[in-house]
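**Q** For reference, the structure I am asking about is given below.
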Amino acid sequence: MTGKKGTARSTGKASEDGSVKRAAHRPSRREMVIDAAMHLYSVRSIEDVTVADIAAEAQMTSAAVYYHYPSKDDVLLGGLRLYSEGLLDEVRRRIDSDDSASLGDVIVGLLEWTDQHRPASLVYFVHSPGWSLSIESLRRSVRLTVLNLFMAELRTRHGITVRAKQAAAATALSSLLEVSMSSWLTEDAVLANLGRRRFSDEVRDVAADIASL
């Protein structure tokens, strides 16, 4: 005889074939913390943002934030790790999706991609550089991955077979990406004077010059 105390209850609804349907995905509390923090870090200095601020923005208690992250720096690092994964996925997607696209087109496409990820992009490219050793380690890892992707494309698309030339051109393209990102996101004087269309054309031209060296 089986007692009722030992039975498990399912929170899902059974379908006609007997399987249990899961509820639609909702952001986890960790994701809510990161989203709230990245928004705050994008509009305020990182130093000024507190865990209490993040908790208020995420509509939860400070204790709930601390349950998931030991400090605001850990929230920042977690958000940047998540963002960098998405950034690298987008770099690979743009490279793989069109063999005829130039690396300048890839870089401009990434600039446009940041429009849909503006808060995290601002934090990654503008507000967080130099903030901590952990963040700089993450940035070096991302930069190395981008460098290797660019080197491979310089070999296959531009026929650059000398590794030293590949590395030099890929380093210049990586620097172009980061500088362009900063201008695009901060809407600095260069972007304001040129406008987005001419700025994008200039980026393509510079990338083409680098790849032809």
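**Q** Being surrounded by 15 or more Cβ atoms within 10 Å (Cβ to Cβ), out of contact with any strand residue (DSSP E or B) (no Cβ under 7 Å at 6 or more places or on another chain) and either at pLDDT below 95 or within 21 Å of Gln116 (Cβ to Cβ) (or both) narrows it down to one residue among Leu177, Leu138; which is it?
**A** Unique residue meeting the criteria: Leu177.
**Q** For region 94-121, give me each residue that is within 11 Å of Leu149 (Cβ to Cβ) and charged (D, E, K, R).
**A** We begin by selecting, within region 94-121, every residue within 11 Å of Leu149 (Cβ to Cβ); these are 94-96, 103, 106.
The answer is Arg94, Asp96.
**Q** Would you check if Leu213 is without any contact (Cβ under 8 Å) to a residue 60 or more places away in the chain and touching a helix residue (DSSP H, G or I) at 6+ places or on another chain (Cβ under 7 Å)?
**A** Yes: the conditions hold for Leu213.
**Q** Shifting gears a bit: Within region 72-100, which residues are within 21 Å of Gly130 (Cβ to Cβ) and either open to solvent by 100 Å² or more (accessible area, probe 1.4 Å) or over 21 Å from the mean Cα position of the chain (by Cα) (or both)?
**A** Passing the criteria: only Arg81.
**Q** For the structure I just gave you, tell me whether Arg94 is farther than 30 Å from Glu47 by Cα and part of a helix (DSSP H, G or I). Walk me through it before giving the result.
**A** Numbers: farther than 30 Å from Glu47 by Cα: yes; part of a helix (DSSP H, G or I): yes.
Criteria met by Arg94.
The values are calculated or read from the model by the stated rules, or taken from the named source; none is laboratory data. What you see is a predicted model, and the numbers here were worked out from it, not measured in a lab. Note: ideal-geometry Cβ built from the backbone for every residue, glycine included; neighbour counts use all protein chains shown. The accessibility values were calculated without ligands, DNA or RNA, using every heavy atom of the protein model including side chains. Shrake-Rupley method; radii C 1.70, N 1.55, O 1.52, S 1.80 Å.
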